[in-house]
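Below is one structure, written out as structure tokens; comments come after it.
The values are calculated or read from the model by the stated rules, or taken from the named source; none is laboratory data. Remember, it's a predicted structure, so these values are computed and weren't measured experimentally. No Cβ is skipped: glycine too gets one built from the backbone with ideal geometry, and neighbour counts run over all protein chains shown. Just the protein is used for accessible areas: all its heavy atoms, side chains included, with ligands, DNA and RNA removed. Shrake-Rupley method; radii C 1.70, N 1.55, O 1.52, S 1.80 Å.
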Amino acid sequence: SKMAAVASELLTGWCLFGLALLAILIFSWIYVRKYQSRRESEVISTITAIFALAVALISSALLPVDIFLVSYMKNPNGTFKDWADANVTRQIEDTVLYGYYTLYSIILFCVFLWIPFVYFYYEEKEEDDGNTCLHVKTAFKYTLGFMTVCAVLLLIGAFVPLDIPDKKNSTEWEKVKLLFEEFGSSHGLTALSFSISSLTVIGMLAAITYTAYGMSALPLNLIKGTTSAAYERLENTEDIEEVEQHLLRIKSKCRDGRPLSSRDRRTVQQLEERLRTLRRRERHLESIEKSWWTKFCEAIRPLKIVWGVFFIIVALLFTVSLFLSNLDKALHSAGFDSGFIILGTNLTNPLNMLLPVLQRVFPLDYILITTIVMYFIFTSMAGIRNMGIWFFWIRLYKIRRGKTRPQALLFLCMILLLIVLHTSYMIYSLAPQYVMYGSQKYLVQVRYFLFAFLLDQCTVTRTYLFLHKFWFFSAAYYFGNWAFIAVFLIGLIVSCCKGKKSVIEGEVDEDDSDLSDDELSVYYP
């Protein structure tokens, strides 16, 4: 009967997992279709973007599953359940581990082969809409560079030494080495781990750039709202009249047949371009003012303010928790050579205190950890949407509703894939003990033998062991957390100082064509 109950619970879990996958696919399709350009949409780029976004979201969902499985094997009193013997435990651990490697292998395939190939294919197609075979060959030639980088990372990972020089005060590191041995080096997948960890460092840089800013910009934009469409139309009309009068004054100089000077011709050209942009703004503002969606948004304005206040409180909670966790590592870890790894917590933080309290009521702790993961994903999307895609100081693409180019969508999904890889370490930094052991309890409470008993009586999540397989990457993540906190605080100050956003923020630019106004009814019904 116990085995039947277990089988029933596992079947229910798999059904829920299947529903979650379906929800992820539907969300990915809606998100990509919302932002892609209707005039430049391509089937292959759309499918690639949807698939990559879905893989990113599925990968982020693996952390709560990992924590749930290690917690599910034990009773509340600290004893293992009857069915959770050594073989079953190892099978579950291996299943989760292979789940990670499968998803991470797909991410490697997307980042180093599929997304670059599709991107370069459409770059070539835009320049010369001719021979398809030639486009494929050229795209594959450029993609070989990414494949070479991947091969180099795999080779380095296959031979990189995991040991570090011995030091006198290395007790913490020796404990961590026990965890690595428990992780099992016999899997022969160190090369893949190194490649994924390298991408995680890039994801860390993307999170510092986009997620940190999104955590400050998203809530403050909800709180401040946007300017009134009627007020913007009034200002825009005044600007149109001013530009028209300026044009008339300049053109009046040539009424007697005299040609305009080169300076006046340049000024006329600039003013005419400015006038076209203002008239496009006028059409957009008129459509927004008449749409039912605008009226609906105005009706739920108080709800947006409440959500904005909630999100800013959550962001501050995360920042404080991250600061205390990093401070704990700075004060109590074995230092740089161990990757600033510590076992347990010496300085507790609000989130690490909250999760054990929620463990008493199933499944509140899993709901919270899933919410945190999704919060990082959505704030990352908000950061990318607000900032656009940059290469150092050069802006490559803008992310705009209904006007995003296929290449920009591919970049967006690739950045999200990299950020998701770093999300697991961010969650570990916020709640280290919970990510290591979930809601497991151990029987013996003797502090001196605590670590040995934890290894014997508690199962460590695959997430934790995967994150700390290479000490030098752990050290990079540690410094990245400090940079994340700094960028968040800077973004918070900048967002507070900025005024309200325009109701058509990013919808109208000088480089838009007038054809883009033909799709207004799609966005503003």
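So in the stretch 340-353, with the set limited to residues that are in contact (Cβ under 8 Å) with a residue 60 or more places away in the chain and over 17 Å from residue 484 (Cβ atoms), which one is surrounded by the fewest Cβ atoms within 10 Å (Cβ to Cβ)? Among residues in the stretch 340-353 that are in contact (Cβ under 8 Å) with a residue 60 or more places away in the chain and over 17 Å from residue 484 (Cβ atoms), the one surrounded by the fewest Cβ atoms within 10 Å (Cβ to Cβ) is 344.
In the stretch 390-403, the residue that is nearest to residue 123 (Cα to Cα) out of those that are within 18 Å of the chain's Cα centre (by Cα) and surrounded by 20 or more Cβ atoms within 10 Å (Cβ to Cβ) is 399. Taking the criterion of being of a type in the set (Gly, Ala, Ser) and within 21 Å of residue 125 (Cα to Cα), the residues of the stretch 13-53 that qualify are 37, 41, 45, 49.
Would you say residue 115 is modelled with pLDDT of 75 or more, open to solvent by 20 Å² or more (accessible area, probe 1.4 Å) and within 27 Å of residue 396 (Cα to Cα)? It is false that residue 115 is modelled with pLDDT of 75 or more, open to solvent by 20 Å² or more (accessible area, probe 1.4 Å) and within 27 Å of residue 396 (Cα to Cα). Of all residue pairs spaced 6 or more apart or on separate chains, those with beta-carbon atoms under 7 Å, a first member in the stretch 271-298 that is more than 12 Å from residue 236 (Cβ to Cβ) and a second member that is open to solvent by 30 Å² or more (accessible area, probe 1.4 Å) and among the acidic types (Asp, Glu) are 273/510. Candidates 424, 380: the one that is closer than 27 Å to residue 67 by Cβ and in contact with a Phe, Trp or Tyr (Cβ under 6 Å, 6 or more places away or on another chain) is 380.
Within the stretch 354-389, being more than 22 Å from residue 60 (Cβ to Cβ) and either open to solvent by less than 50 Å² (accessible area, probe 1.4 Å) or at pLDDT 80 or above (or both) holds for one residue alone: 388. Would you confirm whether any residue within the stretch 281-294 is under 30 Å from residue 474 (Cα atoms) and touching a helix residue (DSSP H, G or I) at 6+ places or on another chain (Cβ under 6 Å)? No. Examine the stretch 70-85 for a residue that is part of a helix (DSSP H, G or I), of a type in the set (A, V, I, L, M, F, W, C) and modelled with pLDDT under 80, and state whether such a residue exists. Yes, there is a match, as at least one residue in the stretch 70-85 is part of a helix (DSSP H, G or I), of a type in the set (A, V, I, L, M, F, W, C) and modelled with pLDDT under 80.
Annotation for the stretch 218-229: no member residue is surrounded by fewer than 17 Cβ atoms within 10 Å (Cβ to Cβ), over 31 Å from the mean Cα position of the chain (by Cα) and in a helix (DSSP H, G or I).
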